[in-house]
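The values are calculated or read from the model by the stated rules, or taken from the named source; none is laboratory data. Given the structure is predicted, the values throughout are model-derived calculations rather than measurements. Cβ coordinates were reconstructed from backbone atoms using ideal geometry, including for glycine residues, and neighbour counts include every protein chain displayed. Accessible surface areas use protein heavy atoms only, side chains included; no ligands, DNA or RNA. Shrake-Rupley method; radii C 1.70, N 1.55, O 1.52, S 1.80 Å.
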Amino acid sequence: MSDDLFKKITSHAKEYGFVFPSSEIYDGLSAVYDYGPNGVLLKNNIRDYWWKAMVQLHENIVGIDAAIFMHPRVWKASGHTDAFNDPLIDNRDSKKRYRADQLVEDHVAKIQAKIDKEVKKARKRFGDDFDEEKFLNEHPRVQKYKAQITDIEMRLNQALAAQDLAALKQLIEDLQIADPVSGTRNWTDVKQFNLMFETQLGAVAGNAQSLYLRPETAQGIFVNFNNVLKTSRMKIPFGIAQTGKAFRNEIIARQFIFRMREFEQMEMQFFVRPGTEMQWYETWKEKRMQWHKSLRLGDAYYRFKDHEQLAHYANAATDIEFKFPFGFKELEGIHSRTDFDLSRHEEFSGKKLRYFDPETRETYVPYVIETSIGLDRMFLAVLSASYKEETLDDGSVRTVLKIPAILAPVKVAVLPLLRKDGLPEAARRIYENLRWDFMAQYDDKDAIGRRYRRQDAIGTPYAVTVDHQSLDDGTVTLRERDSMKQERIPAEEIGRVLREKLKLSSWLG
Ligand code: ATP
């Protein structure tokens with residue numbers, strides 16, 4: 001994977017109507033993106049796949065849709081007003097602003113790249129006999145690099161946990177990190193920067209109240225705990241799921257839709273009896289990993305990364321990391337949040353947020369396991385793992401998005417072989433039938449080969465072709481995107497075949 005591949009994916013996303021820069025005719029708005037005609041279909045399908053897995057397939061999970069605006073005290077209670085900060089640092093020469101922790105992490109990535117280079121060299125030298133694990137554990141230069149990384153990460157974690165901005169600056173100086181733009185080490189002090197967007201409620205001057213655009217959807221779930229408990233007949237353990245927009249004024253936003261200022265989250269808070277949280281934490285780790293793997297993008301794309309430095313409210317936390325074109329990065333977080341959020345909201349609202357457990361006859365503030373995934377990040381994961389350039393037998397190259405069929409924007413394309421002899425009319429009749437059940441497209445422009453390529457490029461898993469034989473015996477060919485194999489089937493069978501391939505139980509079952 002490389003920068004080059006990532007560039008290809010971003011330009012493909014734009015060229016084929018998946019993702020556009022926001023307000024592009026005004027030269028765009030940094031780290032804000034719009035989804036195009038194919039993008040919105042893919043995004044809706046990912047959200048739907050998550051929602052069905054979480055809400056439809058769990059008797060004990062219900063959904064809500066809370067407003068983006070919330071009472072400002074919510075963010076006092078959650079700790080966001082005081083502590084949702086990133087450490088920033090400026091370079092006086094380039095006038096560029098950076099996240100201090102990311103400068104250090106980029107430095108670590110460079111050392112890691114040196115290790116990877118050594119491994120590559122050694123693999124070439126030793127061929128089939130190469131034992132990577134042994135090499136990593138014994139090679140002196142690799143050992144030195146690994147020790148450097150451990151030391152840097154320890155210092156970074158300590159500085160961040162203690163919010164010690166001077167220690168963070170010292171680390172940047174000790175590592176002699178230079179600004180990638182100016183090349184100089186002329187840094188300012190490190191400052192805290194709150195990531196929440198502030199806005200005003202009400203039009204009366206002087207009377208307006210400051211509000212925040214929510215930086216996460218989770219708090220909308222916590223403040224509705226009593227409402228859901230009273231109205232949904234849920235008993236602990238149970239969960240509340242929600243998808244929706246969140247906003248963060250990220251200091252630097254890079255890597256396309258990986259880090260945006262306006263993005264969408266899919267979160268589920270699972271309420272459990274205190275003392276059972278570790279068991280539920282393990283359950284949700286496993287369930288969420290299964291959900292990812294059900295898409296069959298390849299198991300090697302995923303790994304867990306446990307948090308070494310826990311947030312003050314958490315007693316366990318892990319990330320599901322995905323192998324993006326720029327390396328393994330967080331895709332989803334699974335956190336055991338204890339009773340922190342509900343207790344804080346009790347304290348700040350003066351309302352009880354408790355549960356009477358009929359089994360133990362005790363009343364308690366439930367503990368919470370959270371699963372939190374970025375929809376846009378998941379979109380990028382699907383897109384980057386699906387993008388393939390394949391050299392075909394005739395030497396030509398096809399660009400194909402091998403998007404899991406259940407998520408594909410368009411499920412089936414209906415194509416008359418030629419634009420004459422009644423083939424378009426027959427094909428349109430099939431298309432008009434299929435579109436009641438599937439996102440379908442009719443296309444009769446250009447040669448058939450070009451039309452297949454067009455559908456490959458947007459990831460359409462199936463194409464139905466209507467030819468002269470179709471008029472005689474009512475059969476059509478069904479082409480499968482990945483294998484490009486075609487089989488002849490009766491036209492009236494298409495709906496049944498597609499339903500079978502696209503049914504939820506074939507994916508999540
Ligand atoms: P990061 O360390 O990448 O900033 P985070 O740990 O702050 O992420 P969480 O607060 O745990 O992220 O949010 C849960 C999920 O929301 C993340 O796993 C990610 O998928 C998504 N997410 C967070 N920030 C952004 C963003 N700026 N743009 C897109 N998705 C985001």
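Tabulated results
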quantity: Every residue from the range 223-243 that is of a type in the set (Ser, Thr, Tyr) and more than 16 Å from the ligand (Cβ to nearest atom); calculated: 231, 232
quantity: Residue among 246, 253 that is modelled with pLDDT under 95, within 16 Å of the ligand (Cβ to nearest atom) and under 26 Å from the mean Cα position of the chain (by Cα); calculated: 253
quantity: Which listed residue is of a type outside the set (Asp, Glu), more than 16 Å from the ligand (Cβ to nearest atom), outside the structural domain of residue 374 (by TED's automatic domain parsing) and surrounded by 15 or more Cβ atoms within 10 Å (Cβ to Cβ), from 53, 77; calculated: 77
quantity: Count of the range 314-330 residues which are in a loop (DSSP other than H, G, I, E, B) and open to solvent by less than 20 Å² (accessible area, probe 1.4 Å); calculated: 2
quantity: Single condition residue 479 does not satisfy, out of (1) without any contact (Cβ under 8 Å) to a residue 40 or more places away in the chain; (2) farther than 24 Å from residue 391 by Cα; (3) of a type in the set (Lys, Arg); calculated: (2)
quantity: Qualifying positions in the range 357-381 - within 13 Å of the ligand (Cβ to nearest atom) and outside any strand (DSSP E or B); calculated: 375, 376, 377, 378, 379, 380, 381
quantity: Any hit, the range 163-172, residues being open to solvent by 80 Å² or more (accessible area, probe 1.4 Å) and outside the structural domain of residue 355 (by TED's automatic domain parsing); calculated: yes
quantity: Helices (runs of 4 or more DSSP H) contained in the range 33-142 and holding at least 3 residues in contact with a Leu (Cβ under 9 Å, 6 or more places away or on another chain); calculated: 37-51, 100-126
quantity: Checklist (1) in contact (Cβ under 8 Å) with a residue 12 or more places away in the chain; (2) in contact with a Lys or Arg (Cβ under 7 Å, 6 or more places away or on another chain); (3) open to solvent by 30 Å² or more (accessible area, probe 1.4 Å) applied to residue 67, failing item; calculated: (2)
quantity: Residue within the range 291-300 that is of a type outside the set (A, V, I, L, M, F, W, C) and over 30 Å from residue 482 (Cα atoms) present; calculated: no
quantity: When residues of the range 288-313 are limited to those that are among the hydrophobic types (A, V, I, L, M, F, W, C) and exposed (fewer than 15 other Cβ atoms within 10 Å of the Cβ), the one nearest to the ligand (Cβ to nearest atom); calculated: 311
quantity: Residue satisfying all of: in the range 211-222; aliphatic (A, V, I, L, M) and within 16 Å of the ligand (Cβ to nearest atom); nearest to the chain's Cα centre (by Cα) among these; calculated: 218
quantity: Members of the range 2-29 found to be in a loop (DSSP other than H, G, I, E, B) and surrounded by fewer than 12 Cβ atoms within 10 Å (Cβ to Cβ), listed by number; calculated: 2, 23, 27
quantity: Unmet criterion (only one of (1) touching a helix residue (DSSP H, G or I) at 6+ places or on another chain (Cβ under 7 Å); (2) surrounded by fewer than 17 Cβ atoms within 10 Å (Cβ to Cβ)) for residue 100; calculated: (2)
quantity: Filtered residues of the range 319-346 (kept if more than 11 Å from the ligand (Cβ to nearest atom) and β-branched (Val, Ile, Thr)); calculated: 338
quantity: Test: residue 285 is within 13 Å of the ligand (Cβ to nearest atom), under 30 Å from residue 163 (Cβ atoms) and either buried (at least 20 other Cβ atoms within 10 Å of the Cβ) or within 21 Å of the chain's Cα centre (by Cα) (or both); calculated: no
